Amino acid sequence: MKKTSVSLLVTSPSMSLAELTSKLGRTHSSGSYDKGEASAGAKLGKPPWPVTVWRFDSDAQSSASLQLHLERLEIQFPAAELKRVLPPGCEVSVDIALFFDTVNVSTTIPRRGVEIIDAYNAKLEITCYPSTLEN
C-alpha cells in the first residue's frame, strides 16, 4: 500500500513565516517553520532551521494519484499567481512524499505532472518513508 502527499514549499533566508503567509495570501500547512526554530533533530544536537519554509499541501486524499495531487495544487495555487506574489530571494519546490508499507516503493510522474512542476519553476524533492499504514 502507498500513500502520497504533495506540497508546494517556499523557502526564504530572511522572511518569517508570518511575512510569507501575508505575501503569498494563503494559510500555510502544518510542517511549515521559521528560520531559527528548533529542528526535529534538536535533541540530537542538530542546529535550528537555517531558512523559513512555508508549506502548502495539496487537498487531494492521500490515496489519490500523484497526478491528481499535482492538478489540485495547480487549482489551489496557480503557478502564475504564485510567481506574481513570490517575494524576491525565495525559492519554490514541489515536495512529493511517498509513504509505503511494502518492500519498496516507486511512482511515475506523467508528462502533465512535469509540466505543472515546471510551470512553478520549482525544484523537485521526492522523499520515501517506510511506514505502518492503516486502511
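For the list (1) assigned to a loop (DSSP other than H, G, I, E, B); (2) at negative phi; (3) at pLDDT 95 or above, I need the number of the one condition that Val105 fails. Of everything listed in (1) assigned to a loop (DSSP other than H, G, I, E, B); (2) at negative phi; (3) at pLDDT 95 or above, Val105 misses just condition (3). Do you know which residues across region 115-131 are open to solvent by less than 80 Å² (accessible area, probe 1.4 Å) and either farther than 11 Å from Ile96 by Cβ or in a loop (DSSP other than H, G, I, E, B) (or both)? Correct list: Ile116, Ala119, Tyr120, Ala122, Ser131. Checking each residue in region 90-102 for being in a loop (DSSP other than H, G, I, E, B) and among the hydroxyl-bearing types (Ser, Thr, Tyr) picks out only Thr102. The set of residues from region 96-113 being farther than 13 Å from Leu73 by Cα and open to solvent by less than 80 Å² (accessible area, probe 1.4 Å) comprises Ala97, Leu98, Phe99, Phe100, Asp101, Thr102, Val105, Thr107, Ile109, Pro110.
Taken over region 40-63, the residue count meeting the criterion of being touching a residue at least 12 places away in the same chain (Cβ under 8 Å), open to solvent by less than 20 Å² (accessible area, probe 1.4 Å) and either in a helix (DSSP H, G or I) or more than 19 Å from Ala119 (Cβ to Cβ) (or both) is 2. Scanning region 1-24 for residues that are under 17 Å from the mean Cα position of the chain (by Cα), of a type outside the set (Lys, Arg) and under 27 Å from Ser65 (Cα atoms) turns up Thr4, Ser5, Val6, Ser7, Leu8, Leu9, Val10, Thr11, Leu24.
Within region 65-81, being at pLDDT 95 or above, small (Gly, Ala, Ser) and surrounded by 12 or more Cβ atoms within 10 Å (Cβ to Cβ) holds for one residue alone: Ala79. Of all residues assigned to region 32-39, at least one qualifies as being within 15 Å of the chain's Cα centre (by Cα), under 20 Å from Ile126 (Cα atoms), open to solvent by less than 50 Å² (accessible area, probe 1.4 Å) and not basic (Lys, Arg).
The values are calculated or read from the model by the stated rules, or taken from the named source; none is laboratory data. All values derive from a computational prediction rather than experimental measurement. Methodologically, a virtual Cβ is constructed for each residue, glycine included, from the backbone with ideal geometry; neighbour enumeration extends over all protein chains shown. Note: accessible area is taken over every heavy atom of the protein model, side chains too, but ligands, DNA and RNA are not part of it. Shrake-Rupley method; radii C 1.70, N 1.55, O 1.52, S 1.80 Å.
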